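Trainee: The structure's right below; bear with me while I get my questions together.
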Amino acid sequence: MKKILVGLLVGLLLLGGGVSWAASKPDLRKEAEDITKAGIVGPGSINVHRPGDIQMSFGALTRIIPTMEDNYDFGLGDVDSFVPGDIFQNHPNEAGWLSNSYIRVENKLYFNAMPNDEIWSFYACLEFDGVVDNHVVDDRGNDDPGVVDIKESNSNYGLERLHCTVLMPFAKSLNLRLHAGWDVYELDAFDGGGLIYGDDNPGFWMTGNVGEKVDFHFGYHKLKENDWQISNLRRGNHDDDRDLYSVAVDYHVDKKNRVRFMYAFDRIRNIRANTLQNFLFGSAVNEKLGSKQNELNTQAYALNPLVPGIVVGGQVITEHGTDGSTTTRIEGGRLDTAKVQAAAPAIDLVAGAGTSAKLLGGQHLLDQADFSLTNNYFNDEMPKADTNSHHIGFYYQGDFGMIRPFFEGVYQFGTADNTGLGKYVDYQTGEHFEDDYDIRAYALAGDLAFELKEYFGFTFRPHIGVMYTSGDDDPTDDKLEGYTGVDNLQRFSSHWGGENTIIGDTNMVLGSVLYGYLPEFYGSGTPVATGGLENFAGTGNGRGDNPGLTMFSIGLNTAPKRFLIYKTNVNVFRYNEDFRMPSYDGSIHEIDSGYLGTEWDNETILALSKNMFIKGQFSFFFPGDVVDDITKAYSGKKKDDVATRLAFELIWNF
């Protein structure tokens, strides 16, 4: 009886679904295959066709990635005196907060539907992406340490992509198509330098073309929504959102040469001025800054011109003599020579370098929390700034056979008002910071690739490239001149990117955020966000006062066999401007511009079939002088261990 029921069920499925086996008619199979080639649905090679109407396809991607990492903090955690320990070994990416050795699994399930006339389309993708262990897999992908009974948890598969389209019934010559949902939408993420935007934020967008020469798309995307969140009725201003408006126009000079013009308006109302250090350990520093003056552990005093620096730490001691005199001094603490002289009362060192200090004459004590930006660096009470950031630019991708040039230029402008910084004073100059800022920054990128297949008999494409982003060097003016994109996406650039990069997978010592190479976690002293990946909003990323980056890149992409690909890049990084870095003890350090380090990334892909691949990745970051200065500012010791990342990736894709 069971066999009969199974046979009937299979028969009904075959009749009703019309599975495109080898016995199917060639035209139906061809139509079903075309659904994945239309460009308006997702991947998936398992084709199902209902004759005369809707075609469907399904598929999956599985990536199992054992990974080994070492010295992501360049040895900073090995310094015994560095209280936060291994905190900088951690780095968040798509799978969560990671460090050291782990097994990451990314699994996607694809579902597509489209009628024969392609009037509309539907694409959805379910995904699990995380680090696995026994608890995770037994709990069906939901790693919730707070749940003891695993039966109370649910699977962690979620709707990673949803992309629905419809062809507009008007302006048919423009081939206008409306897109809705969340799928990859980009301005310059792949063929460009990754300077402006590319993400899968939810929204609506239109695509179309004018003849064969011009393609265009424009869209609206919601990066942060405040009004629809009903779990917290006391959520503040209903306008605390982040919205992105963008447009891109492609002009095809010919079939191989293209120019893209781009514009993006990033309306930010949800991000306070903040620093990475406050996000990581601001609570501990606030306890020090908030103590009473005679118990103060982080009191700072400006020194006389003979000793440039500030005494940080120690205890304020007041003694009353028998003659009625009063003497005030600092006992303990240290001399921070990274601080330059401030326009403040001079003090006289007594007993050596910073062990104690005595106020001269009738000068009064000066509270660092009121005088310097330290209070702002470790303060969660800042207002959410009204930021309007605009990006306008273009890139050119050429192909002249052997020579393939690329160039991109972007100008960032706008305003950041009501930042809350105006009540603070710069410890170097004694001047108040501004409340309102003008955004004035730019970025340039170029690359020259050489296709030498004619000489080698297989793909052999070396390249040399450069990228420059402007930096901010003055915290006391009303300009934010450190360039940052809506997202920084250098990791996705076909010219110098790669998923296996150390700097592009978030590195808090280098100041970089996931997908980008720019030092957006650092700045000259006015930590106002003018962009940056929304997933990190509020952590101190996207700073408009960042020091800027110069990158030189040289690499090779080659495929000596159809089933074997090797790609390597050597990227050399320099920070363009000096910047200030708060440390764990509440002190501020001046870090000089200069050589950050060199990263060498390697990737080898071996295809065992058209659906199964093995990928090997090995990357090294060789730190430079800037890393030495950063690690010394944090721990008191320079650390320059080489950071490494090794990964072995198993991929099934159909």
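Trainee: Restricted to the range 502-525, and to residues that are in a loop (DSSP other than H, G, I, E, B) and hydroxyl-bearing (Ser, Thr, Tyr), which residue is modelled with the lowest pLDDT?
Mentor: Ser524
Trainee: If you go through the range 109-143, how many residues are open to solvent by 30 Å² or more (accessible area, probe 1.4 Å) and closer than 19 Å to Glu160 by Cβ?
Mentor: 9
Trainee: Can I ask one more? If the requirement is being surrounded by fewer than 18 Cβ atoms within 10 Å (Cβ to Cβ) and in contact with a Lys or Arg (Cβ under 9 Å, 6 or more places away or on another chain), which of these qualifies: Gly624, Gly616, Gly594?
Mentor: Gly594
Trainee: Restricted to the range 183-217, and to residues that are of a type in the set (A, V, I, L, M, F, W, C) and in a strand (DSSP E or B), which residue is most open to solvent (accessible area, probe 1.4 Å)?
Mentor: Phe204
Trainee: Here's something else I'd like to know. Farther than 29 Å from Gly446 by Cα, open to solvent by 10 Å² or more (accessible area, probe 1.4 Å) and modelled with pLDDT of 95 or more: does that describe Phe552?
Mentor: Answer is no for this residue.
Trainee: In addition: Confirm whether Thr429 is in contact (Cβ under 8 Å) with a residue 24 or more places away in the chain, open to solvent by less than 40 Å² (accessible area, probe 1.4 Å) and not in a strand (DSSP E or B).
Mentor: Considered against the rule, which asks whether it is in contact (Cβ under 8 Å) with a residue 24 or more places away in the chain, open to solvent by less than 40 Å² (accessible area, probe 1.4 Å) and not in a strand (DSSP E or B), Thr429 comes out as no.
Trainee: Has the range 218-233 got any residue that is open to solvent by 30 Å² or more (accessible area, probe 1.4 Å), touching a Lys or Arg at 6+ places or on another chain (Cβ under 9 Å), at positive phi and modelled with pLDDT under 70?
Mentor: Within the range 218-233, none of the residues are open to solvent by 30 Å² or more (accessible area, probe 1.4 Å), touching a Lys or Arg at 6+ places or on another chain (Cβ under 9 Å), at positive phi and modelled with pLDDT under 70.
Trainee: Which pairs do you get when a residue that is within 30 Å of Ser512 (Cβ to Cβ) and aliphatic (A, V, I, L, M), found in the range 551-564, comes within reach of a residue that is part of a strand (DSSP E or B) and open to solvent by 100 Å² or more (accessible area, probe 1.4 Å), reach meaning Cβ atoms under 8 angstrom, with the pair 6+ apart or on two chains?
Mentor: Cβ pairs passing all conditions: Met551/Arg574.
Trainee: What are the residues in the range 564-589 that are in contact with a helix residue (DSSP H, G or I) (Cβ under 9 Å, 6 or more places away or on another chain) and either modelled with pLDDT of 95 or more or part of a strand (DSSP E or B) (or both), if any?
Mentor: Scanning the range 564-589 gives Asn571, Phe573, Arg574, Tyr575, Arg580, Met581, Pro582, Ile588, His589.
Trainee: In addition: In the set Leu480, Leu452, Leu448, which member is modelled with pLDDT of 95 or more, touching a Ser or Thr at 6+ places or on another chain (Cβ under 9 Å) and open to solvent by 10 Å² or more (accessible area, probe 1.4 Å)?
Mentor: It is Leu452.
Trainee: If I ask for residues that are open to solvent by less than 70 Å² (accessible area, probe 1.4 Å) and either of a type in the set (Val, Ile, Thr) or modelled with pLDDT of 95 or more (or both), which ones from the range 234-253 would you list?
Mentor: Arg242, Asp243, Leu244, Ser246, Val247, Ala248, Val249, Asp250, His252, Val253
Trainee: Of the residues that sit in the range 395-426 and are within 22 Å of the chain's Cα centre (by Cα) and open to solvent by 60 Å² or more (accessible area, probe 1.4 Å), which one is farthest from Leu195 (Cα to Cα)?
Mentor: Phe413
Trainee: Met262 versus (1) over 26 Å from Pro527 (Cβ atoms); (2) at pLDDT below 95; (3) part of a strand (DSSP E or B): which is the lone unmet condition?
Mentor: (2)
Trainee: Search the range 263-284 for residues being hydrophobic (A, V, I, L, M, F, W, C) and surrounded by fewer than 23 Cβ atoms within 10 Å (Cβ to Cβ), and hand back the single one that is farthest from Asp241 (Cα to Cα).
Mentor: Result: Ala284.
Trainee: Considering only strands (runs of 3 or more DSSP E) fully contained in the range 52-126, which possess at least 2 residues that are over 22 Å from the mean Cα position of the chain (by Cα)?
Mentor: 54-70, 101-115
Trainee: Let me ask something else about it. Going by the conditions given, is Glu499 in a loop (DSSP other than H, G, I, E, B), of a type in the set (D, E, K, R) and surrounded by fewer than 24 Cβ atoms within 10 Å (Cβ to Cβ)?
Mentor: It is true that Glu499 is in a loop (DSSP other than H, G, I, E, B), of a type in the set (D, E, K, R) and surrounded by fewer than 24 Cβ atoms within 10 Å (Cβ to Cβ).
Trainee: When the range 521-549 is examined, which residues are found to be open to solvent by less than 10 Å² (accessible area, probe 1.4 Å) and of a type in the set (D, E, K, R)?
Mentor: Of everything in the range 521-549, those that are open to solvent by less than 10 Å² (accessible area, probe 1.4 Å) and of a type in the set (D, E, K, R) turn out to be Arg543, Asp545.
Trainee: Also: Tell me, which residue of the range 630-654 that is among the charged types (D, E, K, R) and in a strand (DSSP E or B) is least open to solvent (accessible area, probe 1.4 Å)?
Mentor: Here the answer is Glu649.
Trainee: Tell me whether the range 372-382 contains one or more residues that are part of a loop (DSSP other than H, G, I, E, B) and either more than 25 Å from the chain's Cα centre (by Cα) or modelled with pLDDT of 95 or more (or both).
Mentor: Yes, because at least one residue in the range 372-382 is part of a loop (DSSP other than H, G, I, E, B) and either more than 25 Å from the chain's Cα centre (by Cα) or modelled with pLDDT of 95 or more (or both).
Trainee: If you take the residues of the range 456-473 that are over 16 Å from Ile403 (Cβ atoms) and under 24 Å from the mean Cα position of the chain (by Cα), which of them is most open to solvent (accessible area, probe 1.4 Å)?
Mentor: In this case the residue turns out to be Asp473.
The values are calculated or read from the model by the stated rules, or taken from the named source; none is laboratory data. Because the structure is a prediction, the values reported are computed rather than measured. Note that we place each Cβ from the backbone using ideal geometry, even for glycine, and neighbour counts take in every protein chain shown. Calculation scope for accessible area: heavy atoms of the full protein, side chains included, ligands and nucleic acids excluded. Shrake-Rupley method; radii C 1.70, N 1.55, O 1.52, S 1.80 Å.
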